[in-house]
1. Determine which lysines satisfy two conditions relative to LYS42: a Cα distance under 24 Å, and not lying fewer than 8 residues away in the same chain.
2. Note down, for the chain, the three equivalent ellipsoid semi-axes (square root of 5 times each alpha carbon gyration tensor eigenvalue), biggest first, whole angstrom.
3. For segment 12-82, run through the trypsin sites (Lys or Arg not before Pro) and keep only the ones in DSSP coil with at most 12 other Cβ atoms within 10 Å of their Cβ.
4. How much accessible area per residue does the chain have, in Å², with a 1.4 Å probe?
5. If r is the Cβ-Cβ distance from GLU25 to MET45 and R0 is 22 Å, what FRET efficiency results, to the nearest 0.05?
6. Leaving ligands, DNA and RNA out of it, report the carbon-plus-sulfur percent of the accessible area of the chain at a 1.4 Å probe.
7. Compute the distance in nm between two label points, each set 7 Å from the Cα along the Cα-to-Cβ direction, one at GLU82 and one at SER38.
8. Mind grabbing the accessible area of SER70 for me, 1.4 Å probe, Å², rounded to tens?
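The values are calculated or read from the model by the stated rules, or taken from the named source; none is laboratory data. These numbers come from a predicted model, not from an experiment. Neighbour counts run over all protein chains shown; Cβ positions are idealised from the backbone, glycine included. All accessible areas refer to the heavy atoms of the entire protein, side chains included, with ligands and DNA or RNA removed. Shrake-Rupley method; radii C 1.70, N 1.55, O 1.52, S 1.80 Å.
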Amino acid sequence: NPPSTTRTLEEEMAGEKERAEASLEKVTDYVEEKEIDSEKSKQAMSLIDRKVATSADDVEERDKELAKVSIRQEDVDTIVEELEVPKDLAIRSLRAKGGDLQATLADLVAT
């Protein structure tokens, strides 16, 4: 009987070793996946940061272009009074429509 007990103990130890190796493999896989996810997250955030910066640059450029459009103060006052919108919205909308009061009113009423 002693040899069979020893064999069983060896088999149990081999089984434990296999389970430990499998567990270690799972942990290693998990860590590798998290590292990949972390790198993908960093890349995505970098892309978002570049897009936001580009969008901000585009808005700034558009604002510069709109600032060049001349508008009449009485048109701004008309829009503010008639549509009850903030003055800065009236100015920006009027400039976006090239100073055309009727087009600006139609656009603001439609939105």
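1. Partners found: LYS34, LYS51.
2. Working: eigenvalues 1147, 45, 11 Å².
Taking √(5λ) for each Cα gyration eigenvalue gives 76, 15, 8 Å.
3. Working: sites: LYS17, ARG19, LYS26, LYS34, LYS40, LYS42, ARG50, LYS51, ARG62, LYS64, LYS68, ARG72; in loops: LYS68, ARG72.
For trypsin sites (Lys or Arg not before Pro) across segment 12-82 that sit outside H, G, I, E and B with at most 12 neighbouring Cβ atoms in 10 Å, the list reads LYS68, ARG72.
4. 81 Å²
5. Here the calculated transfer efficiency is 0.10.
6. Values: 4830 of 9020 Å².
Here carbon and sulfur together make up 54 percent of the probe-accessible area.
7. 6.1 nm
8. That residue has around 100 Å² of solvent-accessible surface.
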